[in-house]
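Input: a single structure, listed below in structure tokens.
Quick note: the coordinates plus some simple rules give every number you see, no bench work behind them. No experiment lies behind these values; they were computed from the predicted model shown. Note that each Cβ is placed from the backbone with ideal geometry, even for glycine, and that neighbours are counted across all protein chains shown.
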Amino acid sequence: MSRLFRDVEGESLCPQGSVVCIGAFDGLHLGHRALVDRVRERARTAGRAAVALSFEPLPREFFARDQPPPRLLLPRAKFEGLCGLGMDMVGLLRFNAAMAAMSAEDFVDRVLVRRLSAREVWVGPDFRFGNGRRGDLALLQALGAKSGFSADAIAPVDGEGGRYSSTAIRQALAAGDLDGAARALGRRYAIAGKVVRGRQLGRKLGYPTANLRLAGKRPALSGIYATWVHGIGAEPMASVSSLGTRPTVLGVEPLLEAHVFDFDGDLYGRRIEVEFVARLRDEVKFDDLPALVRQMDLDAAQARRVLRHDLEERGALA
């Protein structure tokens, strides 16, 4: 079982040495996966622990708290994704004022050397670290030579539209280009979380929903979507989902609401994953609830058609 750690201080987590990759890993796209795969393979060959090192919140979120960048993965999903890729340990270091002020040299000494006993460190292209982003690969290699580890960067991983990047995926999702995002991710975009109680207005309107909160993170997309919900039964279940602030009913906090077709059960507390298949429309404010329900009827019918076609295509490809 993979282990999660969040603190800089403490005894060595890997007394036999480790192979480490460092990155934001937001989205775990194909470029991230190439980096993680390299570390897993090197660690298995050397008989050392494979470690993925990241931060929560992400540095860009910390420095832009008034307008944080959209997130592709919530912290738990990032941890679970890295575990699924074979990491023995995952560090989601707390990025706070002390971390922001830490020099590149201190980061190497305190985290890579003392905490992780690193023997190899792998990073992505354009890697920077430490206070003021002063550290780069050349500095990491120089410090590693003094501290007993090697450092290297993987080559850029390119797709049809150029280098895979979280920024490009965010832009694709915001534009409704779910297929483009899926090509970079290696899978369809999805959001996972624990079902929480809402105001139960959807049930009163004939559309009960499973609600996922986003842990205060800014979502990378919004609107109404045809979706598959995983985690209820053996097979994904067809659904229509809304991601936004629910302007018709004066919502504020972004919320993902999934109405699962032909299902009537209690999902509170269950962890599910909502897979986005097609964008149906923007989120809009309606004059009254009857107008909202009429549109929900249309959305549900359209989502059923989209998902029926998706199921037929999957069958044809099988």
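By DSSP, the beta bridges lying fully in the chain are antiparallel in about 60 percent of cases.
Residues whose amide H falls under 5 Å from that of Y189, counting only those 5 or more places apart or on a different chain, are A182, F276, with hydrogens built in the peptide plane.
For the Cα trace of the chain, dividing Rg by the Kirkwood Rh returns an Rg/Rh value of 1.02. By the count of other C-beta atoms within 10 Å, a proxy for reagent exposure, L140, L185, L205 are ordered fewest to most as L205, L185, L140. In the stretch 1-46, Rg over Rh equals 0.99, where Rg is the alpha-carbon radius of gyration and Rh the Kirkwood radius from pairwise Cα distances.
In the chain, helices alone account for a calculated mean residue ellipticity at 222 nm of -9500 deg cm²/dmol, with every DSSP H run of four or more residues adding -39,500 (n - 2.57).
Taking every lysine pair in the chain that is 8 or more places apart or spans two chains, those with Cα atoms closer than 20 Å amount to 4.
Taking the centroid of alpha carbons for each part, the stretch 182-213 and the stretch 276-309 are 14 Å apart.
Of all stretches in the chain that contain no chymotrypsin sites (Phe, Trp or Tyr not before Pro) in a DSSP loop with at most 16 other Cβ atoms within 10 Å, the longest one is 1-260. Using the Cα coordinates of the stretch 174-317, the gyration tensor eigenvalues translate into equivalent-ellipsoid semi-axes of 22, 17, 17 Å, sorted from longest to shortest.
Candidate membrane-span-like segments in the chain, meaning DSSP H helices with Cα atoms spread over at least 30 Å of their own axis and a Kyte-Doolittle mean of -0.5 or above, are 289-317, with no membrane implied. Within 10 Å, at most 12 other Cβ atoms, and a DSSP state outside H, G, I, E, B define an exposed site. Report the longest part of the chain free of exposed GluC sites (Glu not before Pro). Here the longest run is 161-318.
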